[in-house]
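The next block holds one structure in the form of structure tokens; read it before the comments.
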Amino acid sequence: MEPEELWVRIHQRRAELADQLATLTPQEWELPSLCAGWTVRDVAAHVISSAAAGLGEVMAVMVKARFNFNRAMFDEAKRRSARPTDEIIADYRRLSDSRRRPPGTTRFDPLVDVLVHTQDIVRPLGRQQPVPVSDALAVVDYVWNKGFPYGAQRRLRGLRLSATDAAWTVGGGPTIEGPTGALLLLMTGRTASVPELSGTGLAQLTWAA
């Protein structure tokens, strides 16, 4: 997918997430997301923060966390999520069309971020926000081949992933098949999509137990 089309998709998905967030009840904002230790509020604040993060801010956050990436992301999400929900939604309205991305990331990362984190938010709430097949196809090869922070090949070593809604296959060994969006979630460490998948390879997902 060309860079211009990628940005169009990113902006659309951010706007859709903003519309979802605007309908959440106060109780839903505080519920756990699919990310362990992160509330829906934390994830929502994190997703749009990438459109505002500059080099100086990123470095300050990393130094404070002693260059522990996961700790830095968690601490920054908590800081941003402490604000009123109206302010978080306002960030989306203001920044959804931004083409800014954090230093060290590629043009694919913002789309991965909003696709996966939208599922982190809506699935625990019993809400629906389907992952468009074309969006997932635009990033699955990138996620598969990217080590940190996804680690898909390490986590799914010896398995073959095969999409049932598109002509996409990767890896080798016992097969796990299902919708491209569900495979994207699996590759990024989410087990919530496992019920949507099938194949002999599922028996080898010891990390999903």
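The values are calculated or read from the model by the stated rules, or taken from the named source; none is laboratory data. Here the structure is a predicted model, which is why all the values come from computation and not from measurement. Quick reminder, even Gly has a Cβ in these numbers, built from the backbone with ideal geometry, and neighbours come from all protein chains shown.
Report yes if Val139 is within 20 Å of Gln20 (Cα to Cα) and in contact (Cβ under 8 Å) with a residue 12 or more places away in the chain, otherwise no.
No: the conditions fail for Val139.
Have a look at Pro102, Pro124 and point out the one that is outside any helix (DSSP H, G or I) and under 18 Å from the mean Cα position of the chain (by Cα).
Pro102
Within the bounds of the stretch 168-185, is there any residue that is outside the structural domain of Leu21 (by TED's automatic domain parsing), in contact (Cβ under 8 Å) with a residue 60 or more places away in the chain and among the hydrophobic types (A, V, I, L, M, F, W, C)?
Yes, the stretch 168-185 has at least one match.
Is at least one residue of the stretch 142-159 surrounded by 15 or more Cβ atoms within 10 Å (Cβ to Cβ), under 18 Å from His46 (Cα atoms) and either at pLDDT below 95 or in contact with a Lys or Arg (Cβ under 9 Å, 6 or more places away or on another chain) (or both)?
The answer is yes; a qualifying residue exists.
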